[in-house]
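The values are calculated or read from the model by the stated rules, or taken from the named source; none is laboratory data. Quantities reported herein were computed from a predicted structural model and do not represent experimental measurements. Neighbour counts are summed over all protein chains in view; Cβ atoms, including those assigned to glycine, are modelled from backbone coordinates with ideal geometry.
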Amino acid sequence: MEEPQSQTVIRGPKEGFTENIRTNTALIRRKIKSPDLWIINRKIGRQTQTDVSVMYLHGIADEKIVNEILQRLDRIDTDSILESGYIEEFIQDRTFTPFPTITNTERPDAVAGALLEGKVAILVDGTPFVLIAPITIFKLFQSSEDYYQKHNIATFLRLLHMVSFVISMLLPSLYIAITTFHQQMLPTLLLISLAAQREGVPFPALVEAFAMEITFEVLREAGVRMPRAIGSAISIVGALVLGQAAVQAGLVSAAMVIIVSFTAIASFVAPSISISNSARLLRFGFMILAATLGLFGIIAGMIAVLIHLSGLRSFGIPYLVPVAPFIPSDQKDTLIRVPWWAMKRRPRLINTQNVTRQSKNLKPSPSEDNE
């Protein structure tokens, strides 16, 4: 058991899941020793017969959601399940959306915290990534470290995650819109400086931004795929050399290099890589809207994204709960985090569907592993 590679923390447990499903269930059992921690096993994949375990706290998790997850797992008909990503695509609510409706984690403490909130964990043999459902968009901006530090710094970091997500999604499009259509919004000295930088650039701002964004995406993928010993060096040197050479050659402006660089840095701030990927996809759409309609296009795109988020569900749970629908008692751990002594009730996530917890409604069959 090693420290998770994708979700590191400064303060907190350093153990991560392995590729053995029984080791992973034992790691969760170490943290939650309650007899109400139930495990229901399935074998999925006609050829691979992959072990899949559904883990939840009986009496806390919504039994309708557990039943729905089990039914979706039973409907999977495929030859192989080699990673939890297979399961995620098969059982998610919406396929054609840039936003994740199921999250994944390598951290046992994150899974234990989710189970205590009434969520369900799906463990797949052969991968260290455990699926958690249902989720809301606000959970994607929360990290395990939020609960190991003081509430004031945790609130600051949580808000920083959200602001960084907005920056990574909208900053290039705002630059394109302002420099193309709304130059009057800039101070005179800044406008003169930007105009001087773009004097010899032969491309419009949209083409310039697209070229830089695609270049950075190529460098990012190259850094991931290259051997670890040289991957980071190649990505850093490549970015420095290409950026400096492009500016000196007059292909892009120095301001665009700064905008794209800061956008890339902001995209790494979010604790969940899934929500960062959403910003990466939406960024290009907002850039096109900014180049055609200016700030009006960006506002229209934001309205469309909010409408889309309002219609998303994660196993029947509204994606924007507890903000829409608004639940006052759950605001203690959404945008901010209050001290531990002020959080005395579980989130009302399971009550949004008017679900009653009846322990007799869900009984595992004798062939299932009920702990």
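A compact table of results
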{"quantity": "Criterion: surrounded by fewer than 17 Cβ atoms within 10 Å (Cβ to Cβ), touching a residue at least 60 places away in the same chain (Cβ under 8 Å) and within 14 Å of S253 (Cα to Cα) - qualifying residue of P172, P204", "calculated": "P204"}
{"quantity": "Lone qualifier among K31, K64 - being touching a residue at least 60 places away in the same chain (Cβ under 8 Å), of a type in the set (D, E, K, R), closer than 27 Å to I317 by Cα and out of contact with any helix residue (DSSP H, G or I) (no Cβ under 7 Å at 6 or more places or on another chain)", "calculated": "K64"}
{"quantity": "Failed criterion for S84 (all others in (1) surrounded by 23 or more Cβ atoms within 10 Å (Cβ to Cβ); (2) within 30 Å of S310 (Cβ to Cβ) hold)", "calculated": "(1)"}
{"quantity": "Residue that is of a type in the set (S, T, Y), free of Cβ contacts under 8 Å to residues at least 24 places away in the same chain and farther than 24 Å from V305 by Cα, where the choices are T215, T188", "calculated": "T188"}
{"quantity": "Segment 36-61 - residue that is assigned to a loop (DSSP other than H, G, I, E, B) and free of Cβ contacts under 8 Å to residues at least 60 places away in the same chain and, of those, nearest to the chain's Cα centre (by Cα)", "calculated": "G45"}
{"quantity": "Which numbered condition F268 fails, given (1) modelled with pLDDT of 85 or more; (2) surrounded by 12 or more Cβ atoms within 10 Å (Cβ to Cβ); (3) not basic (K, R)", "calculated": "(2)"}
{"quantity": "A249 at pLDDT below 85 and farther than 23 Å from F99 by Cβ", "calculated": "yes"}
{"quantity": "Residue match in segment 2-16 (condition: crowded, with 19+ Cβ neighbours inside 10 Å, touching a Gly at 6+ places or on another chain (Cβ under 6 Å) and within 23 Å of Y148 (Cβ to Cβ))", "calculated": "yes"}
{"quantity": "Residues that are assigned to a loop (DSSP other than H, G, I, E, B) and either within 18 Å of K64 (Cβ to Cβ) or touching a strand residue (DSSP E or B) at 6+ places or on another chain (Cβ under 7 Å) (or both), drawn from segment 314-323", "calculated": "F315, G316, Y319, V321"}
{"quantity": "Segment 42-55, residues that are surrounded by 14 or more Cβ atoms within 10 Å (Cβ to Cβ), over 17 Å from P128 (Cα atoms) and touching a strand residue (DSSP E or B) at 6+ places or on another chain (Cβ under 8 Å)", "calculated": "R42, I44"}
{"quantity": "Some residue of segment 94-105 being surrounded by fewer than 17 Cβ atoms within 10 Å (Cβ to Cβ), in a helix (DSSP H, G or I) and under 23 Å from the mean Cα position of the chain (by Cα)", "calculated": "no"}
{"quantity": "Residue pairs meeting the criteria (Cβ under 8 Å; at least 6 apart or on separate chains; first modelled with pLDDT under 90, in segment 82-110; second of a type in the set (S, T, Y))", "calculated": "D93/T101; D93/S314; R94/T101"}
{"quantity": "Set Q184, Q149: member being part of a helix (DSSP H, G or I) and either among the basic types (K, R) or more than 22 Å from T263 (Cα to Cα) (or both)", "calculated": "Q184"}
{"quantity": "Hits in segment 332-353 - residues which are surrounded by 13 or more Cβ atoms within 10 Å (Cβ to Cβ) and modelled with pLDDT under 85", "calculated": "M343, R346, P347, R348, L349, I350, N351, T352, Q353"}
{"quantity": "Within segment 313-331, tally of residues that are at negative phi and surrounded by 15 or more Cβ atoms within 10 Å (Cβ to Cβ)", "calculated": "10"}
{"quantity": "Count - residues of segment 139-172 that are of a type in the set (A, V, I, L, M, F, W, C) and farther than 21 Å from I265 by Cβ", "calculated": "1"}
{"quantity": "Search result, residues across segment 269-313 that are out of contact with any strand residue (DSSP E or B) (no Cβ under 9 Å at 6 or more places or on another chain), closer than 24 Å to P134 by Cα and not in a helix (DSSP H, G or I)", "calculated": "V269, A270, P271, R313"}
{"quantity": "Any hit, segment 176-183, residues being surrounded by fewer than 22 Cβ atoms within 10 Å (Cβ to Cβ), among the hydrophobic types (A, V, I, L, M, F, W, C), in contact (Cβ under 8 Å) with a residue 60 or more places away in the chain and at negative phi", "calculated": "yes"}
{"quantity": "Residue among L189, L194 that alone is surrounded by 17 or more Cβ atoms within 10 Å (Cβ to Cβ), at pLDDT below 90 and among the hydrophobic types (A, V, I, L, M, F, W, C)", "calculated": "L194"}
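Results for (1) under 28 Å from I153 (Cα atoms); (2) polar (S, T, N, Q), shown as yes or no for each residue.
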| residue | (1), (2) |
| --- | --- |
| V252 | no, no |
| A255 | no, no |
| S267 | yes, yes |
| I275 | yes, no |
| G285 | no, no |
| L289 | no, no |
| G311 | no, no |
| D330 | yes, no |
